[in-house]
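Only one structure is covered here, and it is reproduced in the block below.
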Amino acid sequence: MKVVDGKQRVNRASPWAASEEQVGRWAASGGFTSCLVAAPALQPIAVMDRLLPLLAPSAPFAIFSNSPLPLAMAMAKLRKTGQALALQMTENWHREYQVLPARTHPTMSTSGTGGYILSGIKVISPPRTEADRSAKKPRT
């Protein structure tokens, strides 16, 4: 229990959750080799800002969201910053089936979507030199 604003609150952290110290040790040992985030209540950009630095170079990642807009904004940020390659946003389609004796068929009240997934591969950009910053790109 912890006290917040004079009230006792139950710590709802999962008993399997890693401490920040453990995560720091894992990241310092070379980074995680992959990452799958399935937490639709969290904003994908905030999740990326916290988790991408912990990933090893060339590590694949995937982030799930119920709606496409937060993932599209995260994808735009990743493209702009050059932190990832092979970015892809896909739509899942979930269909429930009703299974009865001697017959199986899709449930008639199936929704149209099962959510969206943004996936990619983390890359590390080489440090930019002063000459790179001052050079203008030729127009094509």
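For the reader, a short list of remarks on this structure follows.
- Selected residue (criterion: farthest from PRO60 (Cα to Cα)) from residues of region 84-110 that are of a type in the set (A, V, I, L, M, F, W, C), in a strand (DSSP E or B) and open to solvent by 100 Å² or more (accessible area, probe 1.4 Å): VAL99
- Screening ALA59, ALA74 for residues that are closer than 14 Å to LEU118 by Cβ and modelled with pLDDT of 85 or more leaves exactly one candidate, ALA74.
- Every pair of residues 6+ apart whose Cβ atoms lie under 7 Å, when the first sits in region 57-73 and is closer than 17 Å to LEU36 by Cα and assigned to a helix (DSSP H, G or I) while the second is open to solvent by less than 60 Å² (accessible area, probe 1.4 Å) and of a type in the set (A, V, I, L, M, F, W, C): LEU71/ILE63; LEU71/LEU118
The values are calculated or read from the model by the stated rules, or taken from the named source; none is laboratory data. Note that this is a predicted model, so its numbers are computed, not measured. Cβ: placed from backbone, ideal geometry, glycine included. Neighbour counts: every protein chain shown. What goes into the accessible areas is simple: the full protein's heavy atoms, side chains included, and nothing from ligands, DNA or RNA. Shrake-Rupley method; radii C 1.70, N 1.55, O 1.52, S 1.80 Å.
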